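Worksheet: one structure, shown below.
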Amino acid sequence: MSKSESRKAGSRAGSGVSFLTALLLFAASLSVAGQQVALSANDLAKRVDDHYNHLQTLKASFKEQYDGLGMHRSEAGVMMLRKPGRMRWEYQSTAGKVFVLDGKYAWFYAPGDTQVQRIAASQLDDLRSPLRFLLGHTKIESELQGLTLATGPGGTYTLSGQPKGQQKRIAKLSLTVTAAGAITGILIVEADGAETRFNFTDEAANTSIPDAAFHFAPPAGVPVVDALPPV
């Protein structure tokens, strides 16, 4: 082999080593990167906090399912939130049924009811109330005790914990969350084993929502009854 051929062969061999080394380094970097993007429950909770703390209003379609005490109920509608302290659940599957939180009171009414139920917002203990923390300054770690994280389908995650102050009624609350921190589902497991699921789609952040959406006027002739606070 001539000196020229020898130099070319050495060059090819050196290129092969360099290429192999580069591949190994790239694979190692992917491994390290994978470790860096691995989320903890606290990491994802902070993403949820950040996502909702930048919102002033939120509108989304919802589906609600209840299973318990030998019953199954499924409903759907539109949910609207506005900071501070306002919420409306408008049930399209039961025309006229609403749950409205106007900042001071929560109102419950469905067509055919003989009365409108009202309760002070500060005393509200309702299965829709876990979303109330989104109406203020969100801090998931302060809302849920024993926070855990599990991976879910389609790149989603599940944050689960025990809602503080609701130990007698709710055994577990699980949030289905995207990697960006948006909540797409809620599972509420009550102490008696009953389960309520909320699934959310078509989220519209900081959209215009009229003031009237968070005002409830009792139908003419239907009395308002102040509901008893939770025991």
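At A110 and R169, where each label point lies 7 Å from the Cα along Cα→Cβ, what is the point-to-point distance in nanometres?
1.7
Does segment 41-85 come out rounded, prolate or oblate, given a ≥ b ≥ c as the square roots of the eigenvalues of its C-alpha gyration tensor, rounded meaning a/c under 1.5 and, failing that, prolate meaning a/b above b/c?
Numbers: a/c = 3.40, a/b = 1.64, b/c = 2.07.
Since a/c reaches 1.5 but b/c is at least a/b, the shape of segment 41-85 is classed as oblate.
For a quick check: with amide H placed at 1.01 Å from N, whose amide H comes under 5 Å from Y109's, ignoring anything fewer than 5 positions away on the same chain?
HN-HN under 5 Å from Y109: V98.
Determine ³J(HN,Hα), in whole Hz, for all residues of segment 175-180 in sequence, where each value follows from phi through the Karplus function 6.51 cos²θ - 1.76 cosθ + 1.60 and θ = phi - 60°; x replaces Gly and Pro.
10, 8, 10, 7, 4, 7
Give me the distance in nm between label points sitting 7 Å out from Cα along the Cα-to-Cβ direction at A38 and A191, one decimal.
Going from the A38 label point to the A191 one covers 3.8 nm.
Using the Cα gyration tensor of segment 179-231, with a ≥ b ≥ c the square roots of its eigenvalues, what is the shape: rounded (a/c below 1.5), prolate (a/b larger than b/c) or oblate (neither)? Could the numbers behind the result be given before it?
On the way: a/c = 3.05, a/b = 1.18, b/c = 2.59.
Note, shape of segment 179-231 comes out oblate.
Hey, rough spin-label estimate for V78 and S208, points 7 angstrom out along Cα→Cβ, what's it come to in nanometres?
For the pair V78/S208, the computed spacing is 1.4 nm.
Taking the solvent-accessible surface of protein heavy atoms with a 1.4 Å probe, what is the per residue accessible area of segment 48-114 in Å²? Before the final figure, lay out each step's value.
Details: 3240 Å² over 67 residues.
Roughly 48 Å² per residue, with all protein chains present.
For V225 and M71 in the same chain, what is the full-extension length gain: residue separation times 0.36 nm, less their Cα-Cα distance, in nm? Present the calculation step by step, with values, prior to reporting the outcome.
Working: separation 154, 0.36 × 154 = 55.44 nm, distance 2.66 nm.
Between V225 and M71, full extension yields 52.8 nm more.
The values are calculated or read from the model by the stated rules, or taken from the named source; none is laboratory data. As the structure is a computational prediction, the values presented were derived from the model and not from experiment. Positions of Cβ are generated from backbone atoms using ideal geometry, with glycine treated the same way; all protein chains shown enter the neighbour counts. For the accessible areas, the whole protein counts, side chains as well, though only heavy atoms, and no ligand, DNA or RNA atoms are used. Shrake-Rupley method; radii C 1.70, N 1.55, O 1.52, S 1.80 Å.
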